[in-house]
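*Asks:* Below is a structure I'd like to ask you about.
Every number in this text was worked out from the coordinates using simple rules, so none of it is lab data. Please read these numbers as outputs of a predicted model, since none were measured by experiment. All Cβ positions, glycine included, derive from the backbone under ideal geometry; neighbour counts span all protein chains shown.
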Amino acid sequence: MDSETSSSDLATLTHLSDGEILAALRDGRLNAIDVLYDRYAKQVYSLAYKILANSEEAEDITQDVFLTLWQRDAYQSTRGSLKAFLTTLTRSRSIDKLRSQGSRSRFLQRWQRLSASEPEILPPLDHLAGHEQAHLLRQALECLSSNEREILEIAYYEGVSQTEISKRLNLPLGTVKSRSRQGLSKLRQHLKNSQ
């Protein structure tokens with residue numbers, strides 16, 4: 001697709017509803033993720049930053065949320081708006097990052113502050129689904145190469161950014177990003193086959 005056609009496609013997508021843009025994304029129109037990013041990245045980043053109080057971690061969460069939206073068909077319109085889905089996913093990923101950093105008191109203080117300003121009750125099945133997903137994820141991680149698994153485990157269980165992983169493992173940042181991307185792709189495929 002040349003740049004003129006790409007620009008035309010982007011302009012067309014901009015005027016569509018979230019559902020129509022998601023359908024376009026599922027049909028392989030990659031510009032669709034750009035439109036959704038333009039619509040919701042600020043909201044996702046702001047919420048992640050509010051929870052994490054760290055711009056680099058908020059950027060990582062924002063990237064992760066949109067990568068999840070792009071790679072997995074996790075959003076179901078019957079369960080609410082895309083905005084609500086992205087908010088829930090951002091909150092969940094941000095809280096997981098806080099927990100993985102082992103700063104329980106910091107997490108509890110921020111969570112209490114957020115809960116007071118944005119009360120929300122999670123359905124009981126969401127809690128159970130989270131445990132099942134964690135178990136499936138641990139199984140999927142075992143299928144990765146040791147290099148890919150090491151990077152993803154550090155990133156997700158310890159909450160370390162790719163830049164910090166690069167420094168810790170004494171690897172070029174590009175290598176860390178490449179292994180992370182390959183590992184995520186393999187995880188996605190494994191989890192898709194497990195369903």
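*Asks:* What full-extension length gain, to one decimal in nm, is calculated for Arg79 and Leu169 as 0.36 nm per residue of separation minus the Cα-Cα distance?
*Replies:* Numbers: separation 90, 0.36 × 90 = 32.40 nm, distance 4.10 nm.
Between Arg79 and Leu169, full extension yields 28.3 nm more.
*Asks:* Let me ask something else about it. Hey, which lysines would be in cross-link range of Lys177, C-alpha to C-alpha under 27 Å, not counting anything within fewer than 8 residues on its own chain?
*Replies:* Hits, sequence-local ones excluded: Lys42, Lys50, Lys97, Lys167, Lys186, Lys192.
*Asks:* Could you work out how much longer the chain between Ala23 and Gln189 gets when fully extended? Use 0.36 nm per residue separation minus the Cα distance between them, nm to one decimal. Please report the intermediate quantities before stating the final value.
*Replies:* Numbers: separation 166, 0.36 × 166 = 59.76 nm, distance 2.03 nm.
So the chain would gain 57.7 nm between Ala23 and Gln189.
*Asks:* Please list, by residue number, every one of the chymotrypsin sites (Phe, Trp or Tyr not before Pro) in the range 10-67 that is coil in DSSP and has at most 10 other beta-carbon atoms within 10 Å. Let's see the in-between values first.
*Replies:* Working: sites: Tyr37, Tyr40, Tyr45, Tyr49, Phe66; in loops: none.
Filter output for the range 10-67: empty list.
*Asks:* Within 10 Å of each candidate Cβ there may be at most 13 other Cβ atoms; applying that plus a DSSP loop requirement, which trypsin sites (Lys or Arg not before Pro) in the range 160-195 survive? Intermediate results must be reported in sequence, preceding the final value.
*Replies:* Details: sites: Lys167, Arg168, Lys177, Arg179, Arg181, Lys186, Arg188, Lys192; in loops: none.
In loop regions of the range 160-195 (DSSP not H, G, I, E or B), there are no sparsely surrounded trypsin sites (Lys or Arg not before Pro).
*Asks:* Please compute the Kirkwood hydrodynamic radius over the range 10-99, one decimal place, Å, based on all pairs of different Cα atoms.
*Replies:* Details: mean 1/r = 0.0753 Å⁻¹.
Computed over Cα pairs of the range 10-99, the Kirkwood hydrodynamic radius comes out at 13.3 Å.
*Asks:* Could you please report the charge total around Glu56, scoring K, R as +1 and D, E as -1 over all other residues with beta-carbon less than 12 angstrom from its beta-carbon? Before the final figure, lay out the partial values.
*Replies:* Details: positive: Lys97; negative: Glu57, Glu59, Asp60, Glu164.
After counting each charged neighbour, the total is -3.
*Asks:* Modelling each spin label as a point 7 Å along the Cα-to-Cβ direction, I'd like the Glu153/Ile95 distance in nm, to one decimal.
*Replies:* 2.6 nm
*Asks:* While we're looking at this one, here's another question. With labels modelled as points extended 7 Å from the Cα through the Cβ direction, what inter-label distance (nm, one decimal) is found for Ser161 paired with Arg181?
*Replies:* 1.9 nm
*Asks:* Right, here's the next one. Express in nm, to one decimal, how much length is gained between Leu30 and Arg72 on full extension, taking 0.36 nm for each residue of separation and deducting their alpha carbon distance. Kindly include the intermediate steps, with their values, before the conclusion.
*Replies:* Values: separation 42, 0.36 × 42 = 15.12 nm, distance 1.38 nm.
Extending this stretch completely gives an extra 13.7 nm.
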